[in-house]
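Peer 1: Dumping the structure here so I can ask a few things about it.
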Amino acid sequence: MNTEKLPAVSIHKLKQAEEIPYDLLLLADPYQAAIDKYLSASEIYIASLSTKVIGLYVLYPAGAGTIEIKNIAVEESLQGKGIGKQMLGHAAEICRSKGIDTLIIGTANSSIGQLFLYQQQGFEIFDIKRDFFLDNYIEPIFEDGIQCKHMIMLKKKL
Ligand code: COA
């Protein structure tokens, strides 16, 4: 992976006329039916470089004063260049501007890079949904030889 950092990307809320980039959503969550369940109540933010869509994140209301990032993804060839970090910072700003005080995000026990990134960006583990991936996904999933079993929930105070 070429980890040379990119210039700042521009980030905007997806407009009604714009196509939903399912290819990116599916990088973070392999089941479109699961994605469609949260999309209707969510806001999608698009990261682009010139006019090319290269990343996105999804904000979902999760109770009083709380928003969950339900999906975050960067095009595969551009991962590791700081775009995910920029989108997490942008999400925090958007939520602050809405008067939200807690941002949450969940990731798998096997997603070591994501756990690294989220904690580095100020998120702290507050819950574990045990066996979440065993109960909700048909096929076993492995990352770097680690079985994906539990959902680790992290939160950041804004
Ligand atoms: N071990 C240790 N650190 C890791 C790592 C790993 N396996 N993978 C990434 N990191 C670190 C990088 O070193 C970097 O930190 P640094 O800048 O201090 O070096 C940081 O995490 C990555 O930051 P960034 O480049 O901003 O991330 P990104 O642009 O690749 O975006 C994701 C992060 C997760 C959105 C992106 O990789 C992605 O789309 N992955 C596939 C979909 C996905 O898994 N989504 C999340 C579901 S919970």
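The values are calculated or read from the model by the stated rules, or taken from the named source; none is laboratory data. These figures come from a predicted structure and were not determined experimentally. Just the protein is used for accessible areas: all its heavy atoms, side chains included, with ligands, DNA and RNA removed. Shrake-Rupley method; radii C 1.70, N 1.55, O 1.52, S 1.80 Å.
Peer 1: What does the accessible area per residue of segment 10-157 come to in Å², with a 1.4 Å probe and no ligands, DNA or RNA counted?
Peer 2: Details: 8000 Å² over 148 residues.
Ligands and nucleic acids excluded, the result is 54 Å² per residue.
Peer 1: At 1.4 Å probe size, with the rest of the protein present, what percent of the exposed accessible area of the chain is carbon and sulfur atoms? Walk me through the intermediate numbers first.
Peer 2: On the way: 4620 of 8880 Å².
For the chain, the apolar C and S fraction of the accessible surface comes to 52 percent.
Peer 1: May I ask you to evaluate 6.51 cos²θ - 1.76 cosθ + 1.60, the Karplus curve with θ = phi - 60°, for each residue of segment 100-109 and list the ³J(HN,Hα) values in order in whole Hz, giving x for glycine and proline?
Peer 2: Each residue of segment 100-109 in turn: 7, 10, 9, 10, 10, 8, x, 8, 7, 4 Hz.
Peer 1: Still on this structure, I have one more. With a length cut of 18 Å (Cα positions projected on each helix's long axis) and a Kyte-Doolittle mean of at least 0.0, go through the chain and give me the DSSP H helices that pass. Each step should come with its number before you reach the end.
Peer 2: Working: long enough: 83-97 (21 Å, 0.04).
What comes out of the filter, once short or polar helices are dropped, is 83-97.
Peer 1: Find the Rg to Rh ratio for segment 111-152, where Rh is the Kirkwood radius over alpha-carbon pairs and Rg uses the same atoms. Show your work: numbers first, answer last.
Peer 2: Details: Rg = 11.4 Å, Rh = 11.3 Å.
Answer for segment 111-152: 1.01.
Peer 1: Please list the non-local residues whose amide H lies under 5 Å from the amide H of E75, H modeled 1.01 Å from N, same-chain partners needing a gap of 5 or more.
Peer 2: HN-HN under 5 Å from E75: G55.
Peer 1: So how much accessible area does S40 have, in Å² to the nearest 10, using a 1.4 Å probe?
Peer 2: 110 Å²
Peer 1: Continuing with this model, one more query. Quick one: pull the percentage of alpha-carbon pairs in the chain with a separation above 20 Å.
Peer 2: Working: 6250 of 12403 pairs.
Cα-Cα pairs of the chain separated by over 20 Å account for 50 percent.
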